[in-house]
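Here the structure is laid out as structure tokens; the discussion comes afterwards.
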Amino acid sequence: MPFDEKDKGTVEPQGSNEGVSGRSIFSSAIQGHRKGLDEASNTADDLTRQTYLDVLNTISEAVYIQDENGTFIDVNEGAARMYKCRREDLIGKNPLDVGIAEKNDYAEVARLSAEVWHTGVPAAFEFWARHFDGGEILKEVIVNKGVYFGRPVLIATARDITERRKAEISRQEREEFYRKLLMNLPDLVIRTDLQGTVVYVNEYSHGSFPQFSKSDVIGRNMLSFIAAEDLEIAIENTRKMFEKPLGPKEYRVVDLEGKVIECEINGDILYDMQQNPTGMVYVLRDISERKKAERELFRSREMLQLILDNIPLYVFWKDLNSVFLGCNNNFAKVCGLSSPDEVIGKTDYDMVWKKEEADFFVSVDQRIIKSGIGEYHIIEPQTRTDGKTSWLDTNKGPLYDSDGKIMGVLGTFLDITDRRMAEEQILQQTRLRELLVEISSTYINIPIESVEAEIARSMNKLSQFVGADRCYIFEYDETTNICSNTHEWCGEGIEPQIDNLQSIELPEEWREAFSHGNPIYIPDVSFLPEGLTKDILEPQQVISLIVLPMIHNNRCIGFMGFDSVRSKHTYSDIEQQLLKVFTQMLVNIRLRKQSEEDLIKAKEKAEESDRLKMAFLANMSHEIRTPMNGILGFAGLLKEANLSGSQREEYIGLIEKSGARMLSVINDIISISKIEAGLMTVNDAEVNVNEQIEYVYSFFKPEAVAKGLALVLNTPLPADAAVVSTDGEKLYAVLSNLVKNAITYSARGVVEIGYRKEPDRLVFFVKDEGIGIPKEKQSMIFERFIQVDNSNTRSYEGAGLGLAIAKAYLDMLGGSISVESDGIKGSTFFFTIPCSNAKAKQAFSQRSEHQQANASHQNLNLLVAEDDEISFRLISKIMEQCCKMILRAKTGREAISVYAEHPEIDVILMDVKMPDMDGYEATRRIRKISKHVIVIAQTAYGLENDYELAIKAGCNDYMAKPIDPTALHAMINSLLEEKKATP
Ligand code: ADP
């Protein structure tokens with residue numbers, strides 16, 4: 001700054017002092033200053049001096065008044081402030097005393113000062129001084145020549161420029177820094193004008209942009225480097241940049257050779273002092289390598305995550321405080337998280353599982369972290385998002401960082417819920433199976449009387465095992481659909497229900513299920529629809545139940561059930577199967593028990609029947625001996641010579657009676673034997689029931705009359721409507737047996753025989769007013785050898801077979817028999833036979849009429865083929881009245897030859913059993929000679945197929961021995977009529 005001449009008025013320069021060394025100037029200045037001060041104090045102008053000083057002191061800068069040698073004659077307050085001292089401390093001192101030698105060029109300072117002294121031309125220089133507290137200070141000093149109270153002096157003003165210098169230094173450094181920075185930056189720095197034209201590009205030394213040489217770039221538009229795909233966004237971002245800083249953005253940059261470089265570009269706006277935008281600055285960083293590395297990393301991370309997500313394991317890792325650092329997808333899923341990232345920062349206490357579970361997990365973590373030892377195959381439960389418990393097989397080990405220090409735990413686990421459930425199920429099933437084996441084995445040799453107690457024990461054991469509160473067994477009748485509770489087991493505090501469950505109807509759905517052998521399984525009764533099942537179960541407070549049918553021969557004979565009253569209970573398929581096995585075992589036990597009971601009954605019955613048979617034999621012996629006795633006895637008496645005619649008649653009558661009685665016994669025995677041997681067959685034919693009743697009536701009429709009994713008939717159907725298809729002989733046998741009994745067991749009163757017609761059957765009855773049958777005996781009398789009075793002192797004769805035979809016959813005919821009696825007076829026997837297509841048959845009636853007719857035939861030529869003399873004589877006696885000739889043959893062959901000799905023979909009575917040749921064979925041969933001769937077979941066997949054999953052999957009919965004269969005549973009569981009718 002040029003020195004202002006006006007100031008010279010105050011500090012006037014006083015000539016020059018050329019050639020003076022700096023040191024001499026300063027020292028002379030100091031001396032001059034002292035002298036001046038002395039003078040001043042001695043002058044009267046002190047006031048003026050003070051005023052002058054006051055003026056100097058108002059100047060903030062430091063002012064030094066120096067003599068020629070530079071010694072401070074006076075200084076203002078600014079100088080004292082600059083040196084952090086008092087003015088007096090400086091006055092008399094030389095700049096050399098306060099300067100920093102190594103930082104100042106004193107010679108130059110002295111030279112400049114001398115030059116000012118001599119020329120009066122002010123000079124400026126910088127001077128490093130040390131202030132009084134030791135600090136350094138840089139001053140900018142301007143030295144002038146002036147006059148100080150009449151004395152030439154150097155007047156120096158100094159300004160502290162320490163800070164300014166520092167700032168200057170730092171600015172320079174900064175500039176240097178930026179220059180170097182820009183040079184060494186690996187980034188390309190581009191400055192553009194507001195239009196985007198490049199005006200500056202840094203001279204990078206290590207950059208990755210050798211493609212962009214300065215000359216190539218300057219003058220081009222920044223956007224021309226951006227790849228076409230990113231151009232739109234680049235333009236948009238440039239626009240946005242004016243609104244707010246955007247931060248780095250990634251673009252593909254195309255170099256001049258067309259090579260694409262992946263770049264991160266950070267752009268910003270440059271403003272002038274007035275905040276007007278002047279252009280843009282862009283920093284381009286080549287991030288190709290980073291991108292590549294990122295891609296690699298991403299790929300490897302992705303691969304790692306992929307692996308973690310695809311292994312069938314749950315993986316997680318936690319830090320030292322058991323805070324999750326990461327996990328795989330599986331783990332995230334079980335935690336209810338949508339991605340593995342969400343687990344980061346969470347702890348087990350933030351998860352769905354229970355606090356105790358979290359406590360356990362964390363305690364294991366901490367143990368591992370502390371010990372550094374992993375724990376493997378920890379089987380533990382864990383609550384899932386759906387509230388269900390899963391079973392885990394967990395492996396946990398310490399997680400090490402790259403320095404080998406434990407940084408947390410790494411855990412993997414497998415969900416073994418299914419396996420564990422299967423194991424538990426198998427275990428449960430094994431236990432149940434063992435229990436069943438144990439239970440079943442107890443039944444193998446159990447005495448029948450212990451079965452009930454054992455069933456109760458089994459019910460208890462099974463119920464306890466499956467956790468049921470009540471177990472029951474019902475018997476069930478499929479036909480009535482009625483069931484009753486037979487056995488019950490109740491857990492403690494559970495109300496027994498057995499009394500409420502007698503003779504109850506089975507709900508339809510149960511019946512349906514049981515009929516197919518299926519169980520009823522209701523896991524939760526409250527879910528049942530309204531209906532009978534619910535109505536039955538709810539009052540019993542049943543929550544769950546299972547009921548299994550007991551099946552025998554494809555029929556449900558009962559069921560066994562288990563109720564859960566306290567809590568819900570589910571039964572696995574296998575449990576159901578095993579319970580089914582037990583239920584079936586119950587069936588077998590029941591059947592065994594039943595069959596053992598039946599056996600006992602059968603044994604008792606066999607014993608009884610043995611006893612009866614013994615009684616029967618005794619009886620039989622009586623029944624046969626008695627008439628035999630009569631026959632032989634009276635036969636012997638007949639031999640006596642002096643018998644009167646009436647006596648003879650009487651004896652003969654008694655012999656006949658005894659014979660008839662014996663025949664009846666023998667007939668019964670034969671019938672029952674045939675029934676027992678299964679030889680009895682049914683020969684259905686059109687039968688007129690009215691006629692049958694009438695036969696019986698006429699047969700028994702004389703006996704009834706003789707006994708003083710009235711015999712009454714009741715045949716409501718007209719003759720032509722009273723025809724049924726049945727076995728007439730059997731019907732007749734049944735009827736005559738009942739009538740015979742009615743007469744036998746009645747001393748007086750009426751015996752009524754009749755029937756009534758029902759839609760598809762005829763109900764016959766034989767009613768008497770006799771001794772009656774006690775109620776308790778009524779069901780027994782139809783069994784063989786049973787008589788109401790079995791004692792030896794019986795007052796009625798009979799073998800006890802008649803009703804048994806009647807019942808067996810009626811069974812064969814499809815009918816039934818029963819008795820009604822008050823046990824005191826009278827009995828009524830009812831029996832039925834089916835009559836589906838009853839219709840009158842003309843031919844039948846006609847033949848019957850003929851049979852009924854009296855023997856109208858005369859002058860017959862008869863051949864009796866009979867080896868037995870008595871039988872021959874009997875037949876001869878019966879037939880003599882109507883025969884003009886009776887021939888006899890004793891063998892079959894003889895019969896053939898007699899007939900051959902006497903073709904005039906009308907009728908042959910052929911005994912089937914003869915020596916030499918039997919009657920059937922003889923008939924066959926006679927038939928070869930004549931088709932017309934009437935051959936009637938006579939048999940003594942009384943067997944069912946006699947008739948068939950006879951007809952087959954060619955006989956016209958057959959008759960059982962002993963020959964009934966009436967029947968024989970009727971038969972011959974009928975056959976002769978038939979013969980006449982046939983051309
Ligand atoms: P029996 O040959 O002994 O009569 P049944 O089988 O015909 O054999 O009868 C069995 C028993 O039934 C008889 O012994 C008799 O005690 C009783 N009984 C049968 N019919 C009558 C009846 N009408 N009145 C009373 N008791 C009868």
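The values are calculated or read from the model by the stated rules, or taken from the named source; none is laboratory data. What you see is a predicted model; the values in this text were computed from it and never measured. Note: ideal-geometry Cβ built from the backbone for every residue, glycine included; neighbour counts use all protein chains shown.
The table below lists the values:
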item: Criterion: farther than 18 Å from N956 by Cβ and buried (at least 22 other Cβ atoms within 10 Å of the Cβ) - qualifying residue of M910, M885, M914; result: M914
item: Residues that are of a type outside the set (D, E, K, R) and buried (at least 16 other Cβ atoms within 10 Å of the Cβ), drawn from the range 522-538; result: I522, V525, T533, I536, L537
item: For F764: the one exception among (1) part of a strand (DSSP E or B); (2) within 16 Å of the ligand (Cβ to nearest atom); (3) surrounded by fewer than 19 Cβ atoms within 10 Å (Cβ to Cβ); result: (3)
item: Test for R756: is it assigned to a strand (DSSP E or B), touching a residue at least 40 places away in the same chain (Cβ under 8 Å) and over 60 Å from the mean Cα position of the chain (by Cα); result: yes
item: Filter result for E729 (among the acidic types (D, E), assigned to a helix (DSSP H, G or I) and surrounded by fewer than 22 Cβ atoms within 10 Å (Cβ to Cβ)); result: yes
item: Wholly enclosed strands (runs of 3 or more DSSP E) of the range 886-978 bearing at least 3 residues free of Cβ contacts under 8 Å to residues at least 60 places away in the same chain, β-branched (V, I, T) and within 23 Å of N683 (Cβ to Cβ); result: 934-939
item: Near pairs, Cβ below 7 angstrom, 6+ apart or cross-chain, from the range 67-91 (within 28 Å of E115 (Cβ to Cβ) and acidic (D, E)) to any residue that is surrounded by fewer than 24 Cβ atoms within 10 Å (Cβ to Cβ) and at pLDDT 90 or above; result: D74/I91
item: Residue in the range 674-685 that is closer than 30 Å to K757 by Cβ and in a strand (DSSP E or B) present; result: yes
item: Pick from the range 273-286, criterion of a type in the set (A, V, I, L, M, F, W, C) and closer than 19 Å to N237 by Cα, ranking: surrounded by the most Cβ atoms within 10 Å (Cβ to Cβ); result: L284
item: Residue in the range 548-574 that is surrounded by the fewest Cβ atoms within 10 Å (Cβ to Cβ), counting only those that are under 17 Å from the mean Cα position of the chain (by Cα) and not polar (S, T, N, Q); result: D573
item: Qualifying position, being surrounded by fewer than 20 Cβ atoms within 10 Å (Cβ to Cβ), of a type outside the set (A, V, I, L, M, F, W, C) and touching a residue at least 24 places away in the same chain (Cβ under 8 Å), among Q541, Q577; result: Q541
item: Leading residue by the ranking (farthest from H552 (Cα to Cα)) among those in the range 470-497 that are at pLDDT 90 or above and of a type in the set (D, E); result: E488
item: Residue identified as modelled with pLDDT of 90 or more, within 29 Å of K740 (Cβ to Cβ) and within 13 Å of the ligand (Cβ to nearest atom) among G802, G826, G815; result: G826
item: Residue under evaluation I551, criteria (1) among the aliphatic types (A, V, I, L, M); (2) farther than 17 Å from C483 by Cα; (3) in a strand (DSSP E or B), criterion not met; result: (2)
item: Of residues in the range 509-544 being more than 22 Å from E478 (Cβ to Cβ) and among the small types (G, A, S), the one modelled with the lowest pLDDT; result: S526
item: Subset of the range 639-674 that is within 14 Å of the ligand (Cβ to nearest atom) and small (G, A, S) - its residue that is nearest to the chain's Cα centre (by Cα); result: S671
item: Index of the failed condition, S658 passing every other in (1) farther than 21 Å from R784 by Cβ; (2) at pLDDT 85 or above; result: (2)
item: Selection from the range 768-777 of residues that are more than 9 Å from the ligand (Cβ to nearest atom) and in contact (Cβ under 8 Å) with a residue 24 or more places away in the chain; result: E769, P774, K775
item: Subset of the range 714-743 [in contact with an Asp or Glu (Cβ under 7 Å, 6 or more places away or on another chain) and away from the ligand (no atom under 16 Å from the Cβ)]; result: N714, V723, S725, T726, D727
item: Pairs with Cβ under 9 Å, 6+ apart, first in the range 627-649 and farther than 21 Å from R661 by Cα, second modelled with pLDDT of 85 or more and in a loop (DSSP other than H, G, I, E, B); result: none
item: Some residue of the range 174-187 being touching a residue at least 60 places away in the same chain (Cβ under 8 Å) and in contact with an Asp or Glu (Cβ under 9 Å, 6 or more places away or on another chain); result: yes
item: Within the range 399-433, tally of residues that are over 29 Å from T347 (Cβ atoms) and among the polar types (S, T, N, Q); result: 4
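Residue-wise test of (1) outside any helix (DSSP H, G or I); (2) over 60 Å from the mean Cα position of the chain (by Cα); (3) more than 19 Å from I265 (Cα to Cα).
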residue: V153; (1), (2), (3): yes, yes, yes
residue: R159; (1), (2), (3): yes, yes, yes
residue: K166; (1), (2), (3): no, yes, yes
residue: K180; (1), (2), (3): no, yes, yes
residue: T192; (1), (2), (3): yes, yes, no
